[in-house]
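Enquirer: Here it is, the structure, as structure tokens.
Every number here is computed from the coordinates shown, using simple stated rules; none is lab data. The structure displayed is predicted, hence computed values, not measured ones. Cβ coordinates were reconstructed from backbone atoms using ideal geometry, including for glycine residues, and neighbour counts include every protein chain displayed.
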Amino acid sequence: MSAPSASSPQPAQAVPPQAMPAQSTPSQVADPGQAAAGLARIGWAEHAMPVLGLIRDSFEQQQPFAGLAVAACLHVTAETAVLVNLITAGGGRLHLAASNPLSTQDDIAAALAAEPGVTVFARSGVDRRAYYEHIHRALDAAPRLVIDDGCDLVNTLHAERTELLAGVRGGCESTTTGVARLRRMAAEGTLAFPMVAADASRTRRMFDNFYGTGQSVIDGILRATNTLLAGQVVVVAGYGPCGRGIAERARGLGAQVIVTEVDPVRALGALMQGFRVLPMAQAAPLGQVFITATGSRDVIGPGHVAAMRDGAILANAGHFDVEIDVRALAELSAAVHPAVRPHADEYLLDDGRSLILLAEGRVVNLVAAEGNPAAVMDLSFAVQALALAWLARPEETPLLPGVHEVPAEIDTQIATLALAARGVGIDALTPVQQEYLDSWRQGS
């Protein structure tokens, strides 16, 4: 499989395992006694993830991660546990930190911590200091491979654990926000090893972002509020793959959807799909439910809050809690009533209006709900598993430091496995058709 090009001049150097001795740090979880409950939920997820099951069978034979330490910063959910067990079945030692304290499921953390070859540093609701402390503990293993969800682990490696950089063969990033951070690092010449943009794969963009996030964000809002979306004005900020999925699901439930965008091409696409397109300043007084999905910051700021209707609901679907200016919202409020419903805080403004903020402005589908369905994560994690196995063979994959696309062969393999698992067959090109497509000589 040929390696994609990268901007950095030197290939990542393989370092012998003995050159970087790993420290042994015991797991840090909330309650090891919850392991049995977590195992039952992991088993449920496995039934809905047949593609990972097929890949696991292959990994158990091939052992692509034999003897390798893998550090991961991921949402600690039942679906993630299936990926973790797949990597250890392939011979790896997995050191897991949580990528969002509010999405951590303590029973899953306990179940994984009881598995051989896995250490877990994750507890629900920890503060920022403990969050980064857990990332450092995962990095203590001196990883050869990394998996990230938002780029906090990779950023910590480059900013605070530079002594480990030379030993890292490469890794995968699973979010649009994280890939954007990696591309900025690569442009500055600071990214020290190859990273695969798992989020940019065709399979993931279609399944995870459009179908998965589209459904699970609406699920999180409904669980937190028990609101009826039919007839309400829903404002979706951002019309990328996630925003498109959210907008379509909201429309499917009878909502009147307004889209806000900064990209004229995406805005045009939303318009041609039948959505009303407005700047946020004009949408603010109209909306009843606001959902941010941009990957940027201050998408909803104090000026927008000042114009919103009484009772408006604010939710964020982006990875980081910066899309809604929560600090400004608090400063504009005379009082805050936390947890008026689970994961719903009421902000009472000076003029008597109240606004409802969900999940403290964090990613609502993972805080107020359970994230994307297992069937969706089956394909998303398959991308990461196969890309990581590809990176585990530096002699076959001499990639330069930088951001790399998922090889087309991996996307095709995953889609083929997914179709087979669902009992679906498709056509194949005939030799004549293939010859026609490969040739420039044949016209009309």
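Enquirer: Using 0.36 nm times the number of residues separating Ala187 and Thr416, minus their current alpha carbon distance, what extension gain do you get? Please list the in-between numbers first.
Expert: Numbers: separation 229, 0.36 × 229 = 82.44 nm, distance 3.46 nm.
Once the chain is fully extended between Ala187 and Thr416, it gains 79.0 nm.
Enquirer: What is the diffusion coefficient of region 308-372 in µm²/s, taking the Kirkwood radius over Cα pairs and the Stokes-Einstein relation at 37 °C with a viscosity of 0.692 mPa s? It would help to have the intermediate numbers written out before the result.
Expert: Working: Rh = 11.9 Å.
Rounded, D is 276 µm²/s.
Enquirer: A follow-up question, please. Could you work out how much longer the chain between Ile426 and Ser444 gets when fully extended? Use 0.36 nm per residue separation minus the Cα distance between them, nm to one decimal.
Expert: Working: separation 18, 0.36 × 18 = 6.48 nm, distance 2.67 nm.
Residue separation times 0.36 nm, minus the Cα-Cα distance, leaves 3.8 nm.
Enquirer: Another question, then. Between region 338-397 and region 201-227, what's the alpha-carbon centroid distance in Å?
Expert: Region 338-397 and region 201-227 have Cα centres separated by 9 Å.
Enquirer: A further question on this structure: If you average 1/r over every pair of different alpha-carbon atoms in region 209-281 and take one over that average, what Kirkwood value in Å do you get? Before the final figure, lay out the partial values.
Expert: On the way: mean 1/r = 0.0826 Å⁻¹.
It is 12.1 Å.
Enquirer: Continuing with the same structure: Arg327 to Asn226: extension gain in nm, 0.36 nm per residue of separation minus the Cα-Cα distance?
Expert: Working: separation 101, 0.36 × 101 = 36.36 nm, distance 2.57 nm.
That pair, Arg327 and Asn226, stretches by 33.8 nm at full extension.
Enquirer: Something else: Given a cut-off of under 8 Å on Cα pairs at least six residues apart, what relative contact order in percent is computed for the chain?
Expert: Details: 972 pairs, mean separation 83.9, N = 444.
About 19 percent, as a whole number.
Enquirer: Given the -39500 (n - 2.57) contribution per DSSP H run of 4+ residues, what per-residue ellipticity at 222 nm results for the chain, rounded to the nearest 500 deg cm²/dmol? List each step's numbers first, then the result.
Expert: Working: 17 runs with 173 residues, N = 444.
It lands at -11500 deg cm²/dmol.
Enquirer: May I pose another question? In the set (1) 4, 16, 21, 19, 15, 12, 8, 4, 1, 0; (2) 4, 20, 29, 25, 15, 5, 1, 0; (3) 5, 24, 35, 25, 10, 2, 0, which value of P(r) over Cα pairs in 10 Å bins from 0, in percent was calculated from the structure you see?
Expert: Recomputing P(r) over Cα pairs in 10 Å bins from 0, in percent here gives the entry labelled (2).
Enquirer: Compute the distribution of all C-alpha to C-alpha distances in region 153-227, in bins of 10 Å from 0, and list the percent of pairs in each, rounded to whole numbers.
Expert: 17, 37, 24, 17, 5, 0
Enquirer: Enumerate the calculated ³J(HN,Hα) couplings along region 354-366 in order (Karplus 6.51 cos²θ - 1.76 cosθ + 1.60, θ = phi - 60°), each rounded to whole Hz, writing x wherever the residue is Gly or Pro.
Expert: These are the phi-based 3J(HN,Hα) values: 10, 10, 10, 9, 9, 6, 6, x, 8, 5, 5, 6, 9 Hz.
Enquirer: Can you compute the FRET efficiency between Ala66 and Glu409 using 1/(1 + (r/R0)^6), with r the Cβ-Cβ distance and R0 = 35 Å? Round to the nearest 0.05.
Expert: Details: r = 22 Å, r/R0 = 0.64.
Calculated transfer efficiency: 0.95.
Enquirer: Further question on the same structure: Ordered by packing density, taken as the mean number of other Cβ atoms within 10 Å over each peptide's residues, highest first, how do 123-135, 139-151 rank? All intermediate terms of the calculation are to be shown ahead of the outcome.
Expert: Working: 123-135: 15.5, 139-151: 24.9.
My ranking of the peptides, most packed first, is 139-151, 123-135.
Enquirer: A further question follows. Between Met206 and Asp350, what FRET efficiency follows from the Cβ-Cβ distance if R0 is 60 Å, with the result rounded to 0.05? Walk me through the numbers on the way to the answer.
Expert: Details: r = 45 Å, r/R0 = 0.75.
For Met206 and Asp350, the calculated efficiency is 0.85.
Enquirer: Return the percentage of antiparallel bridges among DSSP beta bridges fully within region 270-392, rounded to the nearest 5 %.
Expert: Details: 10 of 18 bridges.
If we restrict to bridges inside region 270-392, about 55 percent are antiparallel.
Enquirer: Over the residues of region 321-436, compute the C-alpha Rg and express it relative to 2.2 N^0.38 Å.
Expert: Values: Rg = 23.9 Å, N = 116, 2.2 N^0.38 = 13.4 Å.
The value comes to 1.79.
Enquirer: Short version: ³J(HN,Hα) in whole Hz for each residue of region 333-343, in order, from phi by Karplus 6.51 cos²θ - 1.76 cosθ + 1.60 (θ = phi - 60°), x for Gly and Pro, what are they?
Expert: Using θ = phi - 60°, the values come out as 9, 7, 7, 10, 10, x, 6, 5, 9, x, 6 Hz.
Enquirer: May I ask for the distance between the Cα centers of region 398-417 and region 267-281, given as a whole number of Å?
Expert: Measuring centre to centre over Cα atoms gives 33 Å.
Enquirer: Then there is this: Along each of its three principal axes, how wide is the spread of alpha-carbon positions in region 68-139, in whole angstrom units, largest first?
Expert: Computed over region 68-139, the largest-to-smallest principal extents equal 33, 22, 16 Å.
Enquirer: Report the antiparallel proportion of the DSSP beta bridges in the chain as a percent, rounded to a multiple of 5. Please list the in-between numbers first.
Expert: Values: 10 of 54 bridges.
Of the beta bridges lying entirely in the chain, close to 20 percent run antiparallel.
Enquirer: When ranked by the protection proxy of mean other Cβ atoms within 10 Å per residue, highest first, what sequence do the peptides 93-104, 378-389, 352-363 form? Write down the numbers at each step before the final one.
Expert: Numbers: 93-104: 25.2, 378-389: 26.7, 352-363: 21.1.
Taking the mean over residues of other Cβ atoms within 10 Å, the ranking is 378-389, 93-104, 352-363.
Enquirer: Given the alpha-carbon gyration tensor of region 25-122, what are the semi-axes of its equivalent ellipsoid in whole angstrom, ordered largest first, with each equal to the square root of 5 times an eigenvalue? Spell out each step's value before the answer.
Expert: Values: eigenvalues 84, 49, 24 Å².
The answer is 21, 16, 11 Å, longest axis first.
Enquirer: Something else about it: Report the paramagnetic label zone for Ala130: residues of region 368-392 whose backbone N is under 19 Å from a point 7 Å from Cα along the Cα-to-Cβ axis.
Expert: Within reach of a label on Ala130: 368.
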